[in-house]
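Working notes, beginning with the structure itself.
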Amino acid sequence: MSRESALRRWMVRGLIGLPLLLIAAAIGIWASVRASLPQLDGDAAIPGLSAPLSLGRDERGTLVVEGRTRLDVARGLGFAHAQERFFEMDLTRRSAAGELAALFGEKALERDRARRMNRLRARLTDRFEQLPSEDRLLLLAYTEGVNAGLHALPARPWQYLLLRARPQDWTPVDSLLVIAEMYFMLQSGSYEVGFERAMLRERAGDAVFDWLHPRGGRWDAALDGSQMPPPPIPAPEQLDVRRKAEAPSTTPSTTPSLSEPASGPPARSGAASAALLRPTDDDDADGEDSAAPGPGGGGEPPVLGSNNWAVAGSRTTHGGAILANDMHLGLGVPSIWYRAQFQIGAGPAGLRAAGVTLPGLPALVVGTNGHVAWGFTNAYGQWYDWVEVPRDAKLVTRTETLEVQGRPAVTMEVRELDSAPIVAEDGPRRFALHWIAHEGAAFNLDADRMLGVKHVSEALAVAQRAGMPHQNFLAADSDGQIGWTIAGRLWAQPGLPQVYGRFVPPAAMRKDWLDPDRAPQVLSPARGQLWTANNRQLEGAAGELLGDGGFDLGARAQQIRDRLSEREKHDEASIGAIHADDEARFMKTWAARFLAAARGDAGASPTHKAFVQLLENWNGRADADSAAYRLVRQARLRMLDTLWTAWTLPALGDRQLDPKRRIRWRGQFEYSVARAVDERPMHLLPAAYASWDALLLAQLDDAAREIAPDGNLGAATWGVQNASHIQHPLAKAIPLLSRWLDMPSVPQGGDSNLPHVTGPAFGQSERLVVSPGREELGWLSMPGGQSGHPMSPFYGAGHQDWVEGKPTPLLAGPVIHRITAHRD
């Protein structure tokens, strides 16, 4: 046989064998991933059970846990959480503790260093020992269930196979770290803004600072009816942007910066990629264009928050109070929440509760127990102090060790002033962050006692004692009562005048805790309705106690309040319809300003005539097919960005022209811009423009070019920009997997300053409507599905109903899978 013949034969064998090898490898991968599927039927062993436990699932994967005692139900929930979501739970605890590099390697070190400055694993290890025995037992029971569920999987969760890593058992302290991660997610943006505010006040002075950071205006919708007076317009000698000013003495190179990187949705799930460790441009929380809308770059900063509202029995057709809640968070696959229904005990003495849980915790976060329903929105009070550290201050230095996959561990030193870590420096100046989440009393499991309350007054008392990130807490009960309070422990000292936009000395650090019985609350309001949407709620002494950590503009809250007031009597359908309210009442005010300017120039400019026609025909809604809404929205963003840059340049210098380093405007800046546009003070008009109308038209022109570079403005609809992009974290690392792992992309209506909050990867993470005692008529919709395993029948289950706005029943349907668990 010739060498050529032998070579051809081996080539033929190779060509035949290679596909077979690839097929065999694919089958091997498929089998390995399938082996980690959660158990749905049969028997299981869980340590510590006092009696057999049932774990049922309906067609959407809703978990129905039926147990003899609360501790048994916690064990069952832990078992299911671990089977469905252990990898996401692992990332949550690691993110809070600054331990991601041990799983992902060196790419996660920067994030770990920033988080480790807070030393939360060490703090919470101490805190666990101080918890009441009831809380410790609940965490231990949940931990037993988690580890039983993890070890019952035939193979480790599939993500660890790809990472070539092994999961570590859960501990009770890890559950406290899950609470800590929620503190980061909901409050770290506020303390970063607080640092920028203090820096800006120092450089701009009080008058200009107050103008740049007004605390209220026409969109206020506080529960006490208060409205904040607008700050005076700065005089020309205080701020004149038409006169060339000298550069500020503080140059950008000496501007202090935080060690903590910009915050985003929590690292609750992911794979071995830097894309999973920090937010990217296309993950902006409110769906802004990644392109800069103004000369300095930026856009509307995201507000991680929620809506909730309630009406008393006096305002409903059936006499029962009704609660609605939708929490606005980053959206992914699986959902951040996990649907569950508890049945604790049997017979008349038994308790049934339904709602959403957070994997990593044993509690029902939002839901109903048949007597009381409750929900949350983020409360943007000032839960921190920025402390300027004296040069001669006595500091404690602690050494932290960071494990790094694939390389030796590294150490870092954390310097603390009275337990507050030093996280920023400016030449010789040092700044410590005193954050309420550093305090042990800010963590407990009191919120779990919500399962046993029977009246709104009891629910408010539980919320006021809960160790959790501070929330606007709304509750409704089966007697028709409704109420509001701030959930989470509060500092006793009023903080607003002393710490708002200021660096404080060590002596001004707030330390004492407020007696929970003195926490602000509203019980049984005269009008029979309550609402919150991350806006300011109170003025006076109570408002000073809460402070201002960056409240959102009140437009959402005001529209919800007004919708509630439009009807004398409500039912579940009318309450639920507010979830989908796309009317753009806020943006209509900007459409009127731009339309007036365009009409004045329509005769001279065919482009401006086209703007007039587009805006006059707009239906006033944030519809997916609306080009007019997108144009007005983008032009407004440019307007705010242009004026923010012009008004801050005198104080902050050229750093405001650098998109990566500039300080960004916040929602309430709207009040000052709208007032300037309406009253037209010439000394606040940027020098490049001859008139305020010229400025308005320039923003319209530039916005049109940005959203429709081909000139086809009619095709540049809001839905094109706001199409959903709800991803599995692995698809962020490996885009080729998107077609199999991600939810389908669809154009969306809604936006950030109206009740139906949407963004490509941000929005209503759940929609709840319930009247306690009438749960069979309640509904609970969620995006992204229940299971994190792509081969699970519950992967993406319920997502399409959420997309279409269909009410998904709150209570579980017939059980189609059941596990019976026994004591190990």
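The values are calculated or read from the model by the stated rules, or taken from the named source; none is laboratory data. Please read these numbers as outputs of a predicted model, since none were measured by experiment. Every residue, glycine as well, gets a Cβ built from its backbone with ideal geometry; the counts of neighbours run over all protein chains shown. Ligands, DNA and RNA are stripped out before the accessible areas are found, and what is left, the full protein with its side chains, is counted by its heavy atoms. Shrake-Rupley method; radii C 1.70, N 1.55, O 1.52, S 1.80 Å.
Start at zero, step by 5 Å, and the Cα-Cα distances of the range 480-591 spread as 2, 9, 15, 19, 16, 13, 11, 8, 5, 2, 0 percent across the bins.
Please determine, in degrees from 0 to 90 and to the nearest 10, the orientation of helix 585-601 with respect to the longest principal axis defined by the Cα atoms of the chain, where the helix direction is its Cα long axis. Helix 585-601 sits roughly 40 degrees off the main axis of the chain. Net charge in the neighbourhood of A165 (other residues with Cβ under 11 Å of its Cβ; Lys, Arg +1, Asp, Glu -1) is +2. Here the range 550-648 has 47 percent of its accessible surface on carbon and sulfur atoms, given a 1.4 Å probe and all protein chains in place.
In the full protein context, the range 96-169 carries 43 Å² of accessible surface per residue, based on a 1.4 Å probe and ignoring ligands, DNA and RNA.
The relative contact order of the range 705-769 comes to 29 percent, based on Cα pairs under 8 Å that sit 6 or more residues apart.
In nm, what is the difference between 0.36 nm times the number of residues separating T401 and S419 and their Cα-Cα distance? Working shown, then result.
Working: separation 18, 0.36 × 18 = 6.48 nm, distance 1.84 nm.
Answer, rounded to one decimal: 4.6 nm.
Computed about its Cα centre, the charge dipole of the chain is approximately 1480 debye, with only Lys, Arg, Asp and Glu carrying charge at their Cβ. Over all orientations, the range 359-509 has a Cα convex hull whose mean projected area works out to 12.3 square nanometres.
Gyration tensor over the Cα atoms of the chain: the corresponding equivalent ellipsoid has semi-axes (square roots of 5 times the eigenvalues, largest first) of 42, 33, 30 Å. Here the range 59-135 exposes an accessible surface that is 42 percent carbon and sulfur, computed with a 1.4 Å probe and the other protein chains kept in place. Only helices enter this figure: runs of n ≥ 4 DSSP H residues, each worth -39500 (n - 2.57), summed and divided by the residues of the chain, yield -11000 deg cm²/dmol at 222 nm to the nearest 500. Look at the alpha carbon pairs under 8 Å that are at least 6 residues apart: their mean separation over the length of the chain gives a relative contact order of 21 percent. Temperature 20 °C, viscosity 1.002 mPa s: under these conditions the Stokes-Einstein estimate for the range 633-770, based on its Kirkwood radius over C-alpha pairs, is 119 µm² per second.
Ranking request for peptides 38-46, 591-599: highest mean number of other beta-carbon atoms within 10 Å first, then the rest in descending order. Kindly include the intermediate steps, with their values, before the conclusion.
Working: 38-46: 16.6, 591-599: 19.8.
Packing proxy ranking, top to bottom: 591-599, 38-46.
Put simply, when 232-238, 165-171, 721-727 are sorted by average Cβ atoms within 10 angstrom per residue, most first, you get 721-727, 165-171, 232-238. If I fit a long axis through the Cα atoms of helix 555-566 and take the longest principal axis of the Cα atoms of the chain, what angle between them do I get, 0 to 90°, rounded to 10? Approximately 80 degrees, to the nearest ten. Carbon-plus-sulfur accessible fraction, the range 305-405 (probe radius 1.4 Å, protein heavy atoms only): 51%. Placing +1 on the Cβ of every Lys and Arg and -1 on the Cβ of every Asp and Glu, with no other charges, gives the range 382-524 a dipole of roughly 280 debye about its Cα centre.
Going down the table (K107/K660; K588/K609; K588/K806), which pairs top 23 Å between alpha carbons? Let's see the in-between values first.
Values: K107/K660 20 Å; K588/K609 19 Å; K588/K806 28 Å.
Long pairs (Cα-Cα over 23 Å): K588/K806.
Once the Cα atoms are used to define both axes, helix 606-616 deviates from the longest principal axis of the chain by about 60 degrees. Applying the criteria of a DSSP loop state and at most 10 other Cβ atoms within 10 Å to the trypsin sites (Lys or Arg not before Pro) of the range 137-212 yields R164. When you count the other C-beta atoms within 10 angstrom of each residue and take the mean per peptide, 671-684, 401-414, 452-465 line up highest first as 452-465, 671-684, 401-414. Under the combined filter of DSSP loop state and at most 15 neighbouring Cβ atoms within 10 Å, the range 28-118 retains these GluC sites (Glu not before Pro): E59.
Charge tally around R352: other residues with Cβ under 12 Å, Lys/Arg +1 each, Asp/Glu -1 each, net -3.
With a cut-off of 8 Å between alpha carbons and a minimum separation of six or more residues, what is the relative contact order of the range 378-534 in percent? Numbers along the way, then the final one.
Details: 291 pairs, mean separation 36.2, N = 157.
Relative contact order comes out at 23 percent.
Ordering L177, Y384, L239 by the projection of their Cα atoms onto the charge dipole of the chain, which places +1 on the Cβ of Lys and Arg and -1 on the Cβ of Asp and Glu, puts L177 at the extreme positive end.
Annotation: per residue accessible area for the range 620-737 equals 34 Å², rounded to a whole number [probe 1.4 Å, protein chains only]. Protein heavy-atom accessible surface, 1.4 Å probe, per residue over the range 368-472: 35 Å². Look at the dipole of the chain built from charges on Cβ: of A35, A584, S691, the Cα furthest out on the positive end belongs to A35.
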